[in-house]
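Participant: This is the structure, below, for whatever I ask next.
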C-alpha cells in the first residue's frame, strides 16, 4: 500500500498546475555541462537528501560521469562520512517520515522522467506561504503538496496573488515577500542545476549514449561514402 501511494504521488496528472493559473517554465537541462551537474548534485545532497533518496546513483558515478576526482566528490558533494561506493540514500527513518509528513517521501530517481524537467523546474520555484496548511506552505503547481519548501532560505518567502477566473479564485502570480540569500537570477540557476542533476539521475547511461552517438553517426557517414563509391565501381560497367 505504501509503494502504491508513492507511485500515485509521482503520477498525479500534469494538468494539476492548470487550475492554479501558473504556466510551466522551460528548464534548460544540459547534460554536457558537468559544472551544472556537479552543482546540482551538491544542492541535492544539501537540501533534498535529508528526505529523498536517489538510490540508483553512487558517489562514484558522480565522479566518473561528471569527470570529477573522487576525493573532490567526497569533500565537496557527498555528506560527511559517506564513502565513494555509497548510494545516495537518505538517513531519514521511514517511520518518522510517515509520522511527520503523512507518507514516506518517495525516492526521486525517476521524478524527472515521470514529471518532466519543465514541471520539476517550475514546481521547485512555486512554493508560497499558506498559513492554512500544516507546514505553512503550499505550491502553485502541486496544490496541497505534503512537504515543506526545502529551498526557502535561498529563494526567500513568496506569497500568492489571486484573481477571479470562471467564478473561482486562481493564482495569477507569485511575489517574493521576504528576500532569500540568492537573487532571483541566482536562484533560477541553482534550480536549473538541481533539475539538470535529476534529469541525469533518471537515466545516467544517457551521458555515455550521447557521447557514443557522435561516433556512431560518424561511422554511418563514412560507411555511406564507402558504400556509394563501391556502388559506383560495381555499376560503371553496367551502363
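Participant: Which of the residues that make up region 36-47 are surrounded by fewer than 22 Cβ atoms within 10 Å (Cβ to Cβ) and farther than 11 Å from residue 77 by Cα?
Facilitator: Matches in region 36-47: 47 only.
Participant: Which strands (runs of 3 or more DSSP E) sit wholly inside region 128-239 and have at least 1 residues that are free of Cβ contacts under 8 Å to residues at least 12 places away in the same chain?
Facilitator: Working: elements: 137-139, 156-165, 168-179.
Of the strands (runs of 3 or more DSSP E) lying wholly inside region 128-239, those with at least 1 residues that are free of Cβ contacts under 8 Å to residues at least 12 places away in the same chain span 156-165, 168-179.
Participant: List the number of the failed condition for residue 205; all other conditions in (1) under 20 Å from residue 38 (Cα atoms); (2) modelled with pLDDT of 90 or more; (3) under 19 Å from the mean Cα position of the chain (by Cα) hold.
Facilitator: It fails just one condition, (2).
Participant: Sticking with this structure for a sec: Right, residue 109: assigned by TED's automatic domain parsing to the domain that holds residue 30, within 14 Å of the chain's Cα centre (by Cα) and outside any helix (DSSP H, G or I) or not?
Facilitator: It is true that residue 109 is assigned by TED's automatic domain parsing to the domain that holds residue 30, within 14 Å of the chain's Cα centre (by Cα) and outside any helix (DSSP H, G or I).
Participant: Give me a count of the residues in region 151-173 that are under 24 Å from the mean Cα position of the chain (by Cα) and surrounded by fewer than 19 Cβ atoms within 10 Å (Cβ to Cβ).
Facilitator: Within region 151-173, residues that are under 24 Å from the mean Cα position of the chain (by Cα) and surrounded by fewer than 19 Cβ atoms within 10 Å (Cβ to Cβ) number 7.
Participant: Could I ask something else about it? Can you confirm whether region 75-90 contains a residue that is more than 25 Å from residue 202 (Cβ to Cβ) and at pLDDT 95 or above?
Facilitator: Yes.
Participant: Any idea which of 24, 120, 49 is in the same structural domain as residue 177 (by TED's automatic domain parsing) and assigned to a helix (DSSP H, G or I)?
Facilitator: Being in the same structural domain as residue 177 (by TED's automatic domain parsing) and assigned to a helix (DSSP H, G or I) holds for just one of 24, 120, 49, which is 120.
Participant: Any idea how many residues of region 68-100 are closer than 17 Å to residue 50 by Cα, part of a helix (DSSP H, G or I) and within 20 Å of the chain's Cα centre (by Cα)?
Facilitator: Residues that pass the stated criteria total 1.
Participant: Restricted to region 48-82, and to residues that are within 17 Å of residue 195 (Cβ to Cβ) and touching a strand residue (DSSP E or B) at 6+ places or on another chain (Cβ under 8 Å), which residue is surrounded by the most Cβ atoms within 10 Å (Cβ to Cβ)?
Facilitator: 54
The values are calculated or read from the model by the stated rules, or taken from the named source; none is laboratory data. This one's a predicted model, so the numbers in the text were calculated from it and none came from an experiment. Here the Cβ is made from the backbone with ideal geometry for all residues, glycine too, and neighbour counts use every protein chain on show.
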